[in-house]
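Structure first, commentary second.
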């Protein structure tokens, strides 16, 4: 398989991931949380890199595409950890701990709670959340980008 074909496959993968995210948002009426939005940006970058990489066939662009895929995979792993309560996420999109809060602080936390929380799983397939699927598929896409970089 040629480098251009591999770049095309990886680019189409990011297009599918971003398209799926927008589909869940606009067709499935599932508003994204802050971490979901963060996961979209590297896919958008990978698409742009892929378009230029497909046109030029440059090895360096395949490496850049791999880094973009690894970035969204890393955010997906982080988001999955937040969903599974392995670690705490950003205070702007998680409920956080209420231990030691005064009544006033607790009420303030409730009133300022995000509409879409990062620590809840709105949808899963085979027990795997969207964030985890993004991580898994993005690691696969990073592998395709790496193969593109190594192909002559």
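FYI, it's all coordinate maths here, none of it is from the lab. All values derive from a computational prediction rather than experimental measurement. Cβ: placed from backbone, ideal geometry, glycine included. Neighbour counts: every protein chain shown.
Tabulated data for the structure shown
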item: Cα-based helix-to-principal-axis angle, 3-26 vs the chain, degrees rounded to 10; result: 30 degrees
item: Burial order of peptide ranges 67-75, 123-131, 135-143 (average beta-carbon count within 10 Å, highest first); result: 67-75, 135-143, 123-131
item: Which labelled figure in (i) 46, 32, 30; (ii) 47, 37, 32; (iii) 64, 30, 27 is Cα extents along the principal axes in Å, once derived from the coordinates; result: (iii)
item: Cα long-axis angle, helix 130-150 against the chain (0 to 90 degrees, to the nearest 10); result: 20 degrees
item: Degrees, to the nearest 10: 34-56 long Cα axis against longest axis of the chain; result: 10 degrees
item: Value of Rg/Rh across the range 1-63 [Cα atoms, Kirkwood radius]; result: 1.08
item: Sorted peptide list for 40-48, 78-86, 16-24, criterion being average Cβ within 10 angstrom, highest first; result: 40-48, 78-86, 16-24
